[in-house]
1. Between region 747-825 and region 169-231, how far is it from one alpha carbon centroid to the other, in angstrom?
2. Suppose every Lys and Arg Cβ carries +1 and every Asp and Glu Cβ carries -1, with no other charges. What dipole size does region 572-691 come out with about its Cα centre, to the nearest 20 debye?
3. Of Val605, Cys434, Ser147, which is farthest on the positive side of the dipole of the chain, counting Cα position, with +1 on Lys and Arg Cβ, -1 on Asp and Glu Cβ, and the Cα centre as origin?
4. In whole angstrom, and with the biggest value first, how far do the Cα coordinates of the chain range along each principal axis?
5. When only C-alpha pairs under 8 Å and at least 6 residues apart count, what is the relative contact order of the chain, in percent?
6. Using the basic label-point model (7 angstrom from Cα toward the beta carbon), what is the Asp282 to Ile730 distance in nanometres?
7. Quick one: if the Förster radius is 60 Å, what FRET efficiency do Phe785 and Glu352 give, using the C-beta to C-beta distance and rounding to 0.05?
8. Probe of 1.4 angstrom, ligands and nucleic acids ignored: what's the accessible area per residue over region 421-496, in square angstrom?
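The values are calculated or read from the model by the stated rules, or taken from the named source; none is laboratory data. Computed from a predicted model, the values in this text were never measured in an experiment. No Cβ is skipped: glycine too gets one built from the backbone with ideal geometry, and neighbour counts run over all protein chains shown. Areas reflect the complete protein model, heavy atoms only, side chains present, ligands, DNA and RNA absent. Shrake-Rupley method; radii C 1.70, N 1.55, O 1.52, S 1.80 Å.
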Amino acid sequence: MSSFTQLLTFPPPYSLPFPSNSSSSLQIHHPSAAIIHKHASPFLSRTTSTTTSSTVTSLVSTATTSSAEEPILELPSPSSWVEHLRSQTQSNLFDEAIFTYIKMIRAGVPPDNFAFPAVLKAVAGIQDLLLGKQIHAQVIKFESASSSVAVANSLVNMYGKCGHIEGAYQVFERILEKDQVSWNSMIATLCRFDEWELALEAFRLMLLEDLEPSSFTLVSVANACSNLRRRDGLLLGKQIHACALRKGDRRTFTINALMATYAKLGRVDYSKALFEFFDDRDMVSWNTIISSFSQNDQFMEALFFIRSMILDGVKPDGVTLASVLPACSHLEMLNTGKEIHSYALRNTDLIENCFVGSALIDMYCNCKQVEKGRLVFDGILRRTIGVWNAMIAGYAQNEFDEEALDIFFEMAAVSDFLPNAITLSSILPACVRCEAFLDKESIHGYIIKRGVDKVRYVQNALMDMYSRMGKIEIAESIFSSMDVKDIVSWNTMITGYGICGRHDDALNLLHDMQREEKSKTNDDDESLILKPNSVTLMAVLPGCAALAALVKGKEIHAYAVKQMLATDVAVGSALVDMYAKCGCLKLSKRVFDQMPIRNVITWNVLIMAYGMHGKGEEALDLFRRMVAEGAKNGEVRPNEVTFIAIFAACSHSGMVDEGLNLFHKMKDDHGIEPTAEHYACVVDLLGRSGQVEEAYRLINTMPPNFKKADAWSSLLGSCRIYQNVEIGEIAAKNLFSLEPNVASHYVLLSNIYSSSGLWKEAMDVRKKMKEMGVRKEPGCSWIEFGDEVHKFLAGDASHPQSNKLHEFLEILSQRMRKEGYVPDTSCVLHNVDDEEKETLLCGHSEKLAIAFGILNTPPGTTIRVAKNIRVCNDCHVAAKFISKIVDREIILRDVRRFHHFRNGTCSCGDYW
């Protein structure tokens with residue numbers, strides 16, 4: 001018995017109906033074997049002389065019909081025919097080899113045990129099953145051939161490559177003296193049909209037959225190991241590796257297969273070690289290690305190794321480029337991607353490669369260069385469905401929604417391809433965003449019609465679509481109905497909750513996901529490992545930011561560092577934003593400085609953060625630094641969002657001249673045309689500084705095609721600050737026409753009236769609001785304590801400590817009065833007496849949250865509160881007094897900016 005017999009041990013599930021010795025009859029007990037017997041062709045199981053004769057006649061007559069005018073090739077001897085046939089097959093001239101074989105038969109030369117393997121290899125090459133069956137019939141006619149192991153092995157290989165596992169299995173079963181090639185052919189066939197466990201069982205039985213595995217055996221078996229669940233795959237993969245070492249098999253293609261196996265099982269470090277410790281590397285070796293790094297999200301390593309490959313004198317091919325371009329895409333390294341594109345353009349074979357084309361489209365679109373992606377698409381003459389899908393996804397990801405839908409319909413109209421699951425999952429985001437696409441839910445019906453509604457990633461895309469439509473209940477229903485949820489499913493649902501403002505639910509679902517992960521550590525499907533990835537972190541960090549959940553945010557940051565995700569540009573940007581919105585500007589800046597790669601979003605987030613914290617000068621300095629670095633390396637330049645961020649920073653810091661200067665020069669200096677959003681920001685800049693009339697004049701100069709709702713809203717807010725009733729009424733009138741269902745417009749106008757003592761007008765506005773069915777968003781504040789985020793609503797008494805908090809605020813209010821605090825009752829919009837107004841003021845949500853923080857945290861602890869709407873004047877004044885009385889720093893974030901209260905003063909300098 002072979003020394004390898006004891007090498008591999010398989011648990012009971014790996015059973016295969018192979019005979020324990022080659023002469024015994026086969027006992028069928030595996031489902032796959034049952035299917036084979038159920039559907040086995042009568043032609044193969046029982047071939048009569050009549051059948052054989054008619055088949056050969058059919059074969060020859062086909063050749064005669066197709067080449068009636070073509071003379072029969074004259075060769076001097078039967079051996080010359082066979083040599084010619086074998087030569088053509090070895091040169092992969094499969095069609096020519098088959099016609100040579102037919103002419104040989106017509107010339108009266110009988111095929112032998114050398115001719116049959118050659119022609120069967122050619123049939124396998126063109127994957128013509130019917131022709132293969134006809135050749136098989138001839139094999140049966142010639143007794144010497146039918147008993148040849150070499151011919152039988154060729155038949156097993158032919159049936160396997162022609163997609164007929166039953167035929168391969170039945171031929172294999174009838175081989176009395178199976179050799180190494182017999183087992184190799186059967187194992188390879190089983191792998192081709194994804195019967196991984198059966199392939200491994202066949203390997204075990206091969207060893208029991210005292211047959212030494214060859215390099216070809218080990219390559220197939222290593223592939224089978226890579227498709228098992230990770231734990232078992234690694235265990236058996238290492239044993240295959242040990243088997244190769246014991247045999248002294250250090251052939252390049254064996255090492256390549258082992259590298260691919262380890263990488264697919266998540267141990268790219270093993271792949272790297274194998275690569276570095278053998279010298280006979282070929283093109284496949286380099287491609288395997290580069291693709292291993294890309295597929296395991298180690299993109300910098302992939303780029304490092306392509307550089308090493310070139311320095312080693314190996315020219316990249318299409319597989320290399322298609323493997324490394326995703327690294328450029330994910331890292332947004334546009335210049336490196338352009339270099340690769342340039343290399344491809346200098347090599348015709350590469351630029352015409354559809355896989356390279358798809359990867360280039362993806363790279364350009366991911367780097368926001370959609371037009372260049374379209375140029376690549378237009379240059380590909382033979383488009384595969386992968387190329388169409390890449391362009392559709394590229395448009396959709398960059399919110400070129402009408403273009404995405406146009407090319408989707410073009411694909412359906414002019415190409416030979418029907419939309420598949422990938423196409424439909426890519427187009428769904430465009431469907432939900434595109435205003436011109438009215439019947440959005442109809443795409444769900446089309447998906448059901450195409451029969452892909454149960455495909456997991458299509459379900460994920462549908463959940464995303466319904467979340468963005470605000471129909472979170474339908475998304476929850478799809479999520480709950482999924483038989484199997486992968487990491488994308490959980491990420492999509494977490495993101496959906498964030499989109500709909502249900503941040504508590506997003507954090508709770510993350511906890512559910514982690515619990516599910518612990519219960520599924522031994523799951524067979526490795527794609528179902530629910531380990532939070534970069535997308536999970538990007539989905540949940542905005543929830544931490546919205547709820548000012550700093551402790552949870554720090555936990556996520558620690559996890560990101562431990563899992564080497566913190567250097568990801570998207571995760572890093574989300575961390576910068578989270579720390580900034582939790583009031584930790586220094587930590588936000590530290591994360592920014594530590595990021596190896598920053599994109600425009602990273603810069604915009606920190607500029608916005610400085611603005612929200614009232615640090616306009618720092619925001620302007622950072623903007624100048626961004627411009628300088630962009631001019632130097634061309635990687636990052638200001639975009640439309642950058643100017644929104646810098647205008648907001650100038651507005652919150654009273655830097656009117658600086659903001660106006662940037663506004664007037666943004667087109668000439670930076671090539672960015674002012675949009676409606678930019679005008680609205682400048683209206684806010686002017687109005688907040690008291691230049692209400694100037695802000696009003698600016699709105700009147702806006703291009704007529706611009707949407708003006710945001711600008712009028714900014715002006716109305718300024719009128720509230722400066723109690724400008726006349727212009728406030730004009731702004732409100734326009735807003736009631738443009739956005740009649742937005743409650744804040746009615747509230748602001750009512751506030752303007754009530755603060756000016758115009759109670760009747762205020763009541764009329766509230767009456768109109770009620771008639772319209774518009775409801776004011778209730779004031780809501782959050783504060784993190786321990787592992788929980790506590791939520792407080794204005795006037796709400798549902799919190800367990802509610803009575804205690806109100807009692808404490810009463811006591812605190814008395815102490816504040818002694819210090820000079822006078823309640824600002826103009827913030828109460830109800831026409832009630834002053835005492836009742838003061839009582840209502842005590843119930844504001846931010847005061848309740850601050851009181852909770854004081855009572856539940858140690859003395860000296862900073863109190864961090866987030867609020868969903870603008871903080872009122874009275875709460876702002878009260879927070880200053882409270883910070884001095886209790887000797888605490890209070891960081892209060894409202895919908896517009898941060899207020900840092902310390903020792904009786906606020907960082908905003910009362911300019912807000």
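1. That distance is 74 Å.
2. Details: 13 positive and 15 negative charges, 81 e Å.
That gives region 572-691 a dipole magnitude of about 380 debye.
3. Result: Val605.
4. Computed over the Cα atoms, the extents are 116, 57, 56 Å.
5. So the answer I get is 5 percent.
6. It works out to 8.0 nm between the two label points.
7. 0.45
8. Counting only protein heavy atoms, the per-residue value for region 421-496 is 43 Å².
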